[in-house]
There are 2 protein chains.
Amino acid sequence: MTLHWRLMGRDGAARAGVLSTAHGEVETPVFMPVGTAGTVKAMTADAVRATGARMVLGNTYHLMLRPGAERVARLGGLHGMMDWHGPILTDSGGFQVMSLSELRKLTEDGVTFRSHVDGTKHHLTPERSVAIQHLLDADVTMCLDECTPFPATEEQAAVSMRLSMRWAKRCREAFAPREGYGLFGIVQGSTYPALRAESVAALTAIGFEGYAVGGLAVGEGQAAMFDVLDCTCPLLPEASARYLMGVGTPADILGAVARGIDMFDCVIPTRSGRTGRVYTRRGVLNMRNARHADDTGPIDPECGCPACSRHSRGYLHHLIRAEEMLGPMLLTWHNIQYYQDLMRGIRAAILAGRLAAHAAALQAGWGGGTGTTEGHSEEAR
Amino acid sequence: MTLHWRLMGRDGAARAGVLSTAHGEVETPVFMPVGTAGTVKAMTADAVRATGARMVLGNTYHLMLRPGAERVARLGGLHGMMDWHGPILTDSGGFQVMSLSELRKLTEDGVTFRSHVDGTKHHLTPERSVAIQHLLDADVTMCLDECTPFPATEEQAAVSMRLSMRWAKRCREAFAPREGYGLFGIVQGSTYPALRAESVAALTAIGFEGYAVGGLAVGEGQAAMFDVLDCTCPLLPEASARYLMGVGTPADILGAVARGIDMFDCVIPTRSGRTGRVYTRRGVLNMRNARHADDTGPIDPECGCPACSRHSRGYLHHLIRAEEMLGPMLLTWHNIQYYQDLMRGIRAAILAGRLAAHAAALQAGWGGGTGTTEGHSEEAR
């Protein structure tokens, strides 16, 4: 049996489930910390586990360039190399090829580009992307697609989406079925409902173990993103996991779960942690702010992470100002802890049939600044 | 009762003992990881504890400038702020004033300087240094001294040392006796045996809870350093702890223990870890070296740290090359673990009366060198 997802409970369109993989089970909705180049930045694998995170994401683009997919395989696959023994999802590499590489050229066959690391030339096809993800030993392999830029005309979005659908078929054919492993198709079509519907139809005709909604979180804004989910999620198969790629803030995740999404990844908690921004039950704080310098209280009194349970805001402010590595380490830990706590709370609320009330309480906390927070609105993407 | 040290066993001039402080007991010989600005760089307090380290060092100069001594006191003292509940030794600030600050001016009263952080003007006297270390809540306070530059003429060294001795008396008078806290005097006199003897006599006439040998590890080389220890250690009181400041490589420490030193601190394990250099039972490795890229073995098969027990050399090489923060985190952890294991092994050998054989075995492992570890075969497995 390949990777599969089963429903445990629902509340409106929101779903609580369990994803079963070769490396264990994961409760959904799930947030996957991003382990870009074989490490969740500034975190040991033990620290990631301590937050309750059970599944992480790896970036095919980064790993194929350095240390190289074949080398990762020789070093024990991504799980062994990273000391991460839970499930791993890898992206296809397509998104970063478009955003990071140089001299890229897209054809029907695939995409040719130069590495941003050392200028070497690479050719990525649907078949090669699947092969790389196999070498990495990803539990969830993502189809290579073209992440349609935003904004795009309906014609541009259609051409781009249809190429991704042809590539999805090639990925399906290239993917070797293995017990506990699966391949996810990616719905494209920009903000056009008819194209999203066409994309869902194309993917479900092929058949995948899960379905991602792609081409979002690229500048369209939260309202447009939710509109796409409103028209797309109802079309997706009930029995498979749904993954919203690259999303998002706590408010984005909350809204997407309410619309039927089960899986998330985003660099926000890790990247923000490195720059001193932290997510709390009372909104977002910038720990660089001088107002924290003499504050003996914790970032978030309800959080059990080491930054909150053992250190003061004043100390964390000092670490960030002094550019001590422990600052990013502790703040990243806190942010990942916050995201994991957020997901656990949302899942419990779905199972209890009280998601709407839970969402209202979360939003009141984020927006109900008490003068010790800097407001959640500040963090809008 | 103030801080005290008691002898548990000896082997030649080498001593095994226990230092009793307000924050617990520490077995000596001890290596104190350096927590410069209120953090052992790239390490959580839990990670430092996990290596077996029981005492750390803080830098008065860094802490007085940022976050400020009064602020550290408000944030719970250095112990509370760092989440480090074992003993802490702080230096006096004098060494970094001379090496890092700008526009410094030395008088009989003290030293005036500008902060390298923000250009603010500060005046550090023996009394202020002791007061700052009290605010930091250091278990061991160090006397403010002038670290005599190397090389120095005998006349220069004498003038400098005698100023330090007058300052030592002022520090003693300024220090408030407290249960479990103590003040250490610092022997100066450069490489001149007569001056070292004069300095010891001056300090022992004042009386301190411990005695440091200062002005070494400043470019004089290992042989000259050992010569100074050979002439100084026999003059120091038998009943007090002896601390060699800022030393050193594993070979430096081994030689100094054999000459009667009990306490050490050095940035080598932390700084080296951040640049990819690791200390092992088989010598020093540079993890940036391409030969490690496909190596599935550990840095040191006998080491129990996370870098060695869970990861390959190939992965650690990748992390350092990719400039991932986890590289410095894991390599620093390894180096501190190595230093702690080194000290435990040395202490056990002293108590068993087999230090010479143990030292020979360590040196054979490092590559047969009797000089500094730097001289060992760079890439010996």
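The values are calculated or read from the model by the stated rules, or taken from the named source; none is laboratory data. Only a predicted model underlies this, so the values are computations on that prediction, with no experimental measurement involved. Reconstructed Cβ throughout: ideal geometry from the backbone, glycine too, with neighbour counts over all protein chains shown. Areas reflect the complete protein model, heavy atoms only, side chains present, ligands, DNA and RNA absent. Shrake-Rupley method; radii C 1.70, N 1.55, O 1.52, S 1.80 Å.
Compute the distance in nm between two label points, each set 7 Å from the Cα along the Cα-to-Cβ direction, one at B:Glu155 and one at A:Val18.
8.6 nm
Compute the distance from the alpha-carbon center of the stretch B:232-248 to that of the stretch B:115-159, in whole Å.
Here the answer is 19 Å between Cα centres.
Considering amide H positions built from the backbone, and no H for Pro or chain starts, which residues 5 or more places from B:Val187, or on another chain, come under 5 Å of its amide H?
Here the answer is B:Ala212, B:Val213, B:Gly214, since their amide H atoms fall under 5 Å of that of B:Val187.
Along the charge dipole of the stretch A:45-134, Cβ charges K/R +1 and D/E -1, which of A:His134, A:Val117, A:Trp84 sits furthest on the positive end?
Result: A:Val117, furthest along the dipole toward the positive end.
If Lys and Arg each add +1 and Asp and Glu each add -1, what is the summed charge of the other residues whose beta carbon sits under 12 Å from the beta carbon of B:Tyr192?
-4
Using the basic label-point model (7 angstrom from Cα toward the beta carbon), what is the A:Gln363 to A:Arg344 distance in nanometres?
2.5 nm
Given the options A:Ala152, A:Ser190, A:Ala202, identify the residue whose Cα lies farthest towards the positive end of the charge dipole of the stretch A:145-210 (+1 on Cβ of Lys, Arg; -1 on Cβ of Asp, Glu).
After comparing all options, I get A:Ala202.
Put a point 7 Å out from Cα along the line to Cβ at A:Pro237; what are the distances to that point in the other copies, in nm, shortest first?
8.1
What does the C-alpha gyration tensor say about the overall shape of the stretch A:156-263? Classify as rounded when a/c is under 1.5, otherwise prolate if a/b is larger than b/c, or oblate.
Here the stretch A:156-263 falls in the oblate category.
So what does the Cα-only Debye profile of the stretch A:122-206 read at q = 0.18, 0.22, 0.24 Å⁻¹, as log10 I(q)/I(0), no solvent term?
Here the Debye-derived log intensity ratios amount to -0.74, -0.98, -1.09.
Add -39500 (n - 2.57) for each DSSP H run of 4 or more in the protein assembly as shown, then divide by its residues: what number comes out at 222 nm, to the nearest 500 deg cm²/dmol?
-12500 deg cm²/dmol
Which percent, nearest 5, of DSSP beta bridges in the protein assembly as shown are antiparallel?
Around 50 percent of the beta bridges assigned by DSSP in the protein assembly as shown are antiparallel ones.
Can you tally the net charge around A:Gly24? Count Lys and Arg as +1, Asp and Glu as -1, for every other residue whose Cβ sits under 10 Å from the Cβ of A:Gly24.
Charge balance in the 10 Å sphere: -1.
Taking R0 as 45 Å, what FRET efficiency do you get between A:Leu100 and B:Lys169 from their Cβ-Cβ distance, rounded to the nearest 0.05? Kindly include the intermediate steps, with their values, before the conclusion.
Values: r = 63 Å, r/R0 = 1.40.
Taking R0 as 45 Å, the efficiency between A:Leu100 and B:Lys169 is 0.10.
Note down the accessible area of A:Val117, probe 1.4 Å, to the nearest 10 Å².
60 Å²
Assign unit charges at the C-beta atoms only (+1 for Lys and Arg, -1 for Asp and Glu), then state the dipole size of the protein assembly as shown relative to its Cα centre in Debye, rounded to the nearest 20.
In debye, rounded to 20, the protein assembly as shown gives about 180.
Compare B:Val159, B:Val97, A:Val218 by solvent-accessible area with a 1.4 Å probe and give them largest first, with all protein chains kept in place. Each step should come with its number before you reach the end.
Values: B:Val159 85, B:Val97 0, A:Val218 45 Å².
So, going from the largest accessible area down, we get B:Val159, A:Val218, B:Val97.
Just tell me how shielded A:35-45 is by partners: mean number of partner chain Cβ atoms within 10 Å of each residue's Cβ, no decimals.
If you average over the peptide's residues, the count of other-chain Cβ atoms is 5.
Using only the alpha carbon atoms of chain A, find the Kirkwood hydrodynamic radius as the inverse mean reciprocal pair distance, in angstroms to one decimal. Show your work: numbers first, answer last.
On the way: mean 1/r = 0.0474 Å⁻¹.
Taking every pair of different Cα atoms in chain A, averaging 1/r and inverting gives 21.1 Å.
What FRET efficiency, computed as 1/(1 + (r/R0)^6) with R0 = 22 Å and r the Cβ-Cβ distance, is obtained for A:Ala224 and A:Glu302, rounded to the nearest 0.05?
On the way: r = 33 Å, r/R0 = 1.49.
The pair A:Ala224/A:Glu302 has a calculated efficiency of 0.10.
Please list A:Lys121, A:Lys169 in order of solvent-accessible area, largest first, computed with a 1.4 Å probe with all protein chains present.
The most accessible residue leads, giving A:Lys121, A:Lys169.
Enter the accessible area of B:His122 (Å², nearest 10), with the probe set to 1.4 Å and all protein chains included.
50 Å²
Among A:Phe31, A:Phe113, A:Phe184, which one shows the highest mean-square fluctuation when chain A is modelled as a Gaussian network with alpha-carbon springs under 10 Å?
A:Phe113
Along Cα-to-Cβ, 7 Å out, sits the label point; list in nm, shortest first, how far the one on A:Arg271 is from those in the other copies.
3.5
Enumerate the helices in chain B for which the Kyte-Doolittle hydropathy averages -1.0 or more and the C-alpha atoms extend at least 18 Å along the helix's axis, using complete DSSP H runs.
Span-like helices in chain B: B:154-174, B:193-206, B:326-351.
Can you sort B:Glu198, A:Glu27 by 1.4 Å-probe accessible area, starting with the largest?
Working: B:Glu198 65, A:Glu27 110 Å².
Sorted by accessible area, descending: A:Glu27, B:Glu198.
What is the sum of charges around A:Asp341, taking Lys and Arg as +1, Asp and Glu as -1, for the other residues whose C-beta is under 9 Å from the C-beta of A:Asp341?
Residues near A:Asp341 contribute +1 overall.
Placing +1 at every Lys and Arg Cβ and -1 at every Asp and Glu Cβ, with all other atoms neutral, what dipole size does chain B have around its Cα centre, in debye to the nearest 20?
For this selection, approximately 420 debye.
For A:27-34, what's the mean count of beta carbons from other chains sitting within 10 Å of each residue's beta carbon?
Per-residue shielding by partner chains comes out at 0.
Just counting partner chain Cβ atoms within 10 Å, what average do the residues of peptide A:64-76 show around their Cβ?
Partner Cβ neighbours, averaged per residue: 4.
Taking loop as defined by DSSP and a crowding limit of 15 other beta carbons within 10 Å, which trypsin sites (Lys or Arg not before Pro) in the stretch A:177-276 fit?
Listed in order of number, the matching sites are A:Arg178.
Going by Cα centres, the stretch A:301-336 and the stretch B:63-89 are how many Å apart?
That distance is 15 Å.
Using a 1.4 angstrom probe and counting only protein chains, how large is the accessible area of B:Phe150 in Å², to 10?
Number for this one is 80 Å².
At A:Phe226, with labels set 7 Å past Cα in the Cβ direction, how many nm apart are the copies from this one, shortest first?
In ascending order, 7.4 nm.
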